[in-house]
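Below: the structure, in structure tokens.
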Amino acid sequence: MRATIHGSGGIAASRTADGRIPARVCVLGYGSIGTVVADRLSRGAVPGAELVGIVHRSRVGDLLAPSLSLAEALEIADVVVECASQEAVWEVGQRVVDAGCDLLVSSVGALSDPDFAQRIAGGGPGRVVCTHGAVGGLDLLAAARDAAPFDHVLVRSTKSPASLVQSWMDAPQRERISSTAARLCVFAGSPAEAARLFPKSLNVAAAVSFAVRDWDTVSVELYADPDAEMTCHEIEASGPIGRYSIKIENLPSAANPRSSAVVPYSILRTLAHLTSYPNLIA
Ligand SMILES: NC(=O)c1ccc[n+]([C@@H]2O[C@H](COP(=O)([O-])OP(=O)(O)OC[C@H]3O[C@@H](n4cnc5c(N)ncnc54)[C@H](O)[C@@H]3O)[C@@H](O)[C@H]2O)c1
């Protein structure tokens, strides 16, 4: 169980300006996203949240908070912010929620297996919350879905070819993508298949699928474009009460071209909502 906030053996938590005790946050994964999340948290970007530790495999520069094992993190944290991978969610997700910690998921595609999603999100006592990550407009899609199921949802993503080459591809496939001179469709299928085949590149399809709450309605297309300087996500949805067309162009992260630079800031926004200071993110 988590340590008590005050008292022997516990963590003496600082208080926010309005006297509240901030949520103790541990960042899991210290790559392109985790380093930015930890940096901003350590500088007070989310008033309702305090960075208390980092669970990492590969250190990138100096750590901004104590290095913790997962077991140590679960002793002191209220929220674990996953910035690692789908595998990490599968490996540690259950332990996190069983320990009573909330799990903020960035690798949303990890939840595309409905049995796994139901198991970790359904039981508690910790909550599972997904970030909107590289896309937006999900609140409106979710509201429209509250009124009636969508007839059709398409997520079309376009990225630089190099970011789409996967370890499971054979040499001709890799070469075809890497050397393409024109926009090339590299995948068309379901969001669950997208999450399986492109685990670091199509979390947005899973995020949209959660918003519309019907994975079978959603189709996904992925393009490699040698001229793409920005990562582009287009969401088209139509249903009984509206038609929606959302286009998002994100600059890739300088540290990892598979991730968009905006993602850590989306995670911080999600954390701000989770920790009850929705309008105060710095
Ligand atoms: N929701 C979205 O829109 C969105 C967008 C981009 C990326 N993502 C997700 O975020 C993840 C991280 O992205 P990134 O750009 O920071 O990747 P990255 O490769 O730069 O960093 C990931 C880090 O996590 C570490 N890691 C992996 N498993 C771990 C574990 N079990 N415990 C501790 N550390 C672990 C790795 O060693 C690495 O340092 C991606 O894999 C992707 O699934 C989501």
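Tabulated data
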item: Whole-number accessible area per residue in Å² for the chain, which is evaluated in the context of all protein chains at 1.4 Å; result: 46
item: Percent accessible area from carbon and sulfur atoms, segment 138-250, protein chains only, probe 1.4 Å; result: 49
item: Hz values of 3J(HN,Hα) by residue in segment 145-153 - Karplus curve (6.51, -1.76, 1.60), Gly and Pro given as x; result: 5, 4, 6, 6, x, 6, 7, 7, 9
item: Residues with amide H under 5 Å from that of Leu28, placed H, sequence gap 5 or more; result: Val55, Val81, Glu82, Cys83
item: Kirkwood Rh (inverse of mean 1/r, distinct Cα pairs), segment 138-250, angstrom; result: 14.5
item: Charge dipole magnitude, Cβ of K and R +1, D and E -1 - the chain, Cα centre, debye nearest 20; result: 440
item: Volume per residue that the Cα convex hull of the chain spans, once the total is divided by residue count, Å³; result: 134
item: Compactness of segment 71-122, expressed as Rg and Dmax over alpha-carbon positions, Å; result: 10.3, 30
item: Cβ-based net charge around Ala65, under 11 Å, with every Lys or Arg adding one and every Asp or Glu removing one; result: -2
item: Stretchable slack from Asp139 to Gln118, in nm (0.36 nm times residue separation minus alpha-carbon distance); result: 5.4 nm
item: Taking only Cα atoms of segment 107-150, radius of gyration then Dmax in Å; result: 12.4, 32
item: Residue-wise HN-Hα coupling along segment 158-169, computed from phi with Karplus coefficients 6.51, -1.76, 1.60 (Hz; x: Gly, Pro); result: 10, 9, 5, x, 4, 6, 9, 5, 10, 5, 7, 6
item: In sequence order, calculated HN-Hα J values of segment 89-102 (Karplus, 6.51, -1.76, 1.60; Hz; x Gly/Pro); result: 5, 5, 5, 10, x, 5, 4, 5, 6, 4, 7, x, 8, 6
item: Near-label residues of segment 198-240 by backbone N, under 16 Å of a point 7 Å along Cα→Cβ of Trp90; result: 198-203
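The values are calculated or read from the model by the stated rules, or taken from the named source; none is laboratory data. On a predicted model such as this, the values are computed, not experimentally measured, just so you know. Backbone-built Cβ (ideal geometry, glycine too); neighbour counts: all protein chains shown. Keep in mind that these areas ignore ligands, DNA and RNA; they rest on the heavy atoms of the full protein, side chains included. Shrake-Rupley method; radii C 1.70, N 1.55, O 1.52, S 1.80 Å.
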